[in-house]
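Report on the following structure.
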Amino acid sequence: DKAYDSVANRMYLRKRAIRPVIPNRGLAEGKKRRRRGPKPSLDRVDYRRRNTVERMFGWLKECRRIATRYEKKAAHFLSMVKLGAIRLFLRRYFSDTA
């Protein structure tokens, strides 16, 4: 998400050996970027994959039971996530309205 495009966030990720996949924020007209050094690059393929995973979590959170985590045991919660994913798959590929 562009909101996380900051030098501090990128340094935090690099310290933990995580390659940041954050798009650059656009600037308002007339403003200059104050960063020194090269502009951070964005691997668009990795960003698409990341976006796909984020959308999947968004769809799974449509299930209230998953979003509020009613199941306290990890095994039960994992079962509900699997059921939510199956429901999503069935709706996506076997729905007459889509």
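Of all residues in the range 80-98, those satisfying the criterion of being in a helix (DSSP H, G or I) and open to solvent by 60 Å² or more (accessible area, probe 1.4 Å) are LYS82, LEU83, ILE86, ARG87, PHE89, LEU90, ARG91, ARG92, TYR93, PHE94.
Identify all residues within the range 59-75 that are loosely packed, with under 10 Cβ neighbours inside 10 Å and in a helix (DSSP H, G or I); write none if there are none. Answer for the range 59-75, where residues must be loosely packed, with under 10 Cβ neighbours inside 10 Å and in a helix (DSSP H, G or I): ARG64, ALA74, ALA75.
In the range 45-59, the residues that are over 22 Å from ARG69 (Cα atoms) form Cβ pairs under 6 Å with partners that are open to solvent by less than 70 Å² (accessible area, probe 1.4 Å), at six or more places apart or across chains, as follows: ASP46/VAL21; TYR47/VAL21; ARG50/VAL21.
LYS2 falls short on exactly one of the conditions (1) at pLDDT 65 or above; (2) open to solvent by 90 Å² or more (accessible area, probe 1.4 Å); (3) within 18 Å of the chain's Cα centre (by Cα), and that condition is (1).
The values are calculated or read from the model by the stated rules, or taken from the named source; none is laboratory data. Since the model is a prediction, treat every value here as computed from it, not as a measurement. Here the Cβ is made from the backbone with ideal geometry for all residues, glycine too, and neighbour counts use every protein chain on show. Surface areas here come from the heavy atoms of the whole protein model, side chains and all, with no ligands, DNA or RNA. Shrake-Rupley method; radii C 1.70, N 1.55, O 1.52, S 1.80 Å.
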